[in-house]
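Working notes, structure below.
Each reported figure results from applying straightforward, stated rules to the coordinates on display, with no laboratory input. Please read these numbers as outputs of a predicted model, since none were measured by experiment. When we count neighbours, we look across all protein chains shown, and the Cβ atoms used for this are built from the backbone with ideal geometry, even at glycine.
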Amino acid sequence: MEKTRDIPGKEFTALRDPETRRGAFDGLVGEYLRPLYWHARRLVVVHEDAEDVVQETFVRAYDKIGSFRGGDGELGAWLYRIATNTALTLLRRRRPGLFTSLDEVSRSLAGRVADECGEDADRTLVRFQQAILELPLKQRLVFNLRYYDRMPYEQIARVLGQREQTLKVNYHHAVQKLKEKLTREL
């Protein structure tokens, strides 16, 4: 997946102006639809749920873009943050019990990966996705944003609201756990 770019100043200004917002927002959707879909899909696994997350993300962003206080370099992180929070909210609503953690929900989704990918899917890639879903939530979020979306730690920090050093440690632990798990299964 290609690295997403942030909206340059002129386009960002058009997003804040009620007269030009709709057209500029269409451009924003065109730029971020695919990356946000795959970000959501890696979190919620099911195609229809990922579509719902992305739709809700853009509805929320459109409603709040006029009051967005970040700069143009922060818009992409803001969208990813909305998508992440929307996906986690969806997962919380799908918990089978009040005391079921999101980590447990993620592990249960790991079983759905093969069904969602279909019979022709590369079994190694399916197993990789399942292993990612078995990571603790914080590690999984950092891993996905860094590995798939190729985000720098500075931007991941804005998305997740955490310090860069903490994210680097989480990513390192995620990579180590994935290596150990996948090596054991060979």
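Could you work out the local net charge near Lys64, counting Lys and Arg as +1, Asp and Glu as -1, over the other residues with Cβ closer than 13 Å to its Cβ? Once positives and negatives cancel, what remains is +3. Checking every one of the trypsin sites (Lys or Arg not before Pro) in segment 107-178 against DSSP loop status and a limit of 11 other Cβ atoms within 10 Å picks out Arg163. Approximating the spin labels as points 7 Å out from Cα along Cα→Cβ, the Phe68-to-Asp26 distance works out to 1.8 nm. Relative contact order, whole percent, for segment 9-184 stands at 20, derived from Cα pairs under 8 Å and 6 or more residues apart.
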